[in-house]
Amino acid sequence: MTLPRQVRPGTTYLLTRRTVLREFLLTPSRQLNQLVLYCLGLAAHRYGVQLHGFCVMSNHPHTVATDAAGRLPEFEGWFHEFTAKAINASLGRWGALWEPGTYSAVDCITAQDALDAMTYTVTNPVAAARVTRADLWPGVNILPSDLGRTIRVKRPTFFRADGPLPDEVKLTFVPPPGYEHLTLQAFQALWQQRIEAEEARLRAEVHASGRRFAGRRAVRRQSPHDRAKSRERRRALNPRIKCRDQH
């Protein structure tokens with residue numbers, strides 16, 4: 001058995017969970033983007049979670065959030081359950097959508113760790129050689145310009161019109177704790193600088209490795225039943241806290 005997960009109100013996390021067999025079940029589309037944003041917003045509202053960053057890759061989402069009320073397991077459980085039901089219905093499939101086991105929750109100890117996690121999240125499509133800039137990703141990806149504004153998402157058609165879920169969900173992404181001394185505009189500028197520097201580093205890394213960027217069209221055309229072909233390290237560390245020294 002693994003050790004019990006610590007749940008501490010007010011903790012900021014980088015949250016991740018992959019699809020089963022790393023299949024591209026989260027391939028970007030207007031329908032998929034609406035679905036995941038709706039479920040995320042509703043889960044955050046229900047369980048008192050503050051949202052800072054969110055990116056949905058083709059086989060895993062990254063979320064940076066603060067668990068203000070100490071209800072992280074309920075938040076993640078609801079989000080994963082309802083996205084799985086709706087995505088399975090949209091694809092005409094049955095069975096598990098998420099990989100076995102639990103989600104990854106990495107504790108961002110400092111404000112700098114939270115900013116690093118947000119930068120990692122938003123630049124993930126560049127690191128994966130999908131697109132050359134974060135703002136070109138055709139899936140859901142929260143950018144600095146999205147902070148502070150209200151995002152309205154209509155209820156997807158997979159949920160009953162006469163059911164208990166609301167017609168519309170409102171989401172607001174905000175800076176993480178520790179940056180209260182900055183105005184929203186100042187934090188947006190700081191984050192944008194970090195993103196652009198990381199994008200440049202990642203582009204150079206991709207080119208040096210001999211890889212090519214797939215581009216938006218190729219991402220949209222991929223089958224949800226395809227899967228990642230990269231070799232995966234097994235039995236690697238599964239961190240619970242964000243720190244520079246892995247040992």
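Derivation of every value follows stated rules applied to the coordinates shown; laboratory data play no part. Because the structure is a prediction, the values reported are computed rather than measured. Note: ideal-geometry Cβ built from the backbone for every residue, glycine included; neighbour counts use all protein chains shown.
Compute the FRET efficiency between Ala69 and Thr16 as 1/(1 + (r/R0)^6), taking r as their Cβ-Cβ distance and R0 = 22 Å, and round to the nearest 0.05. Mind dumping the intermediate values first?
Working: r = 21 Å, r/R0 = 0.96.
Between Ala69 and Thr16 the formula returns 0.55.
Within the set of other residues whose C-beta is less than 11 Å from the C-beta of Leu35, count the net charge using Lys and Arg as +1 and Asp and Glu as -1. Write down the numbers at each step before the final one.
Details: positive: Arg30, Lys85, Lys154, Arg155; negative: none.
Local charge sum for Leu35: +4.
Note on Asp162 and Gln222: the extension gain reaches 18.2 nm, defined as 0.36 nm multiplied by sequence separation minus the Cα-Cα distance.
Ellipticity at 222 nm from helices only: DSSP H runs of n ≥ 4 in the chain, each -39500 (n - 2.57), divided by the residue count, give -11000 deg cm²/dmol. If a paramagnetic tag sat 7 Å from the Cα of His207 along the Cα-Cβ line, which residues of region 123-140 would have the backbone N under 17 Å from that point? Backbone N within reach: 126-134. Taking every alpha-carbon pair under 8 Å whose residues sit at least 6 apart, the chain reaches a relative contact order of 27 percent.
Here the chain is treated as a sphere whose radius is the Kirkwood value from Cα pairs; by Stokes-Einstein at 25 °C and 0.890 mPa s it diffuses with a coefficient of 131 µm²/s. In a DSSP loop and with at most 10 other Cβ atoms within 10 Å, the chymotrypsin sites (Phe, Trp or Tyr not before Pro) in region 72-163 are Trp94.
Tell me the net charge near Pro9. Cut-off is 12 Å between Cβ atoms, Pro9 excluded, with +1 for each Lys or Arg and -1 for each Asp or Glu. Each step should come with its number before you reach the end.
On the way: positive: Arg8, Arg71; negative: Asp67.
In short, +1.
Can you classify region 144-216 as rounded, prolate or oblate using the Cα gyration tensor, where a ≥ b ≥ c are the square roots of its eigenvalues, rounded means a/c under 1.5, and otherwise it's prolate if a/b beats b/c and oblate if not? Verdict is oblate for region 144-216. Distance from the C-alpha centroid of region 121-173 to that of region 1-64: 11 Å, rounded to the whole angstrom. Springs join every pair of Cα atoms under 10 Å in this Gaussian network model of the chain, and among Arg227, Arg152, Arg30 the largest mean-square fluctuation is at Arg30. Applied to region 92-103, the Karplus parametrisation 6.51 cos²θ - 1.76 cosθ + 1.60 on θ = phi - 60° returns per-residue 3J(HN,Hα) values of x, 10, 10, x, 5, 9, 9, 4, x, x, 9, 7 Hz, with x for Gly and Pro.
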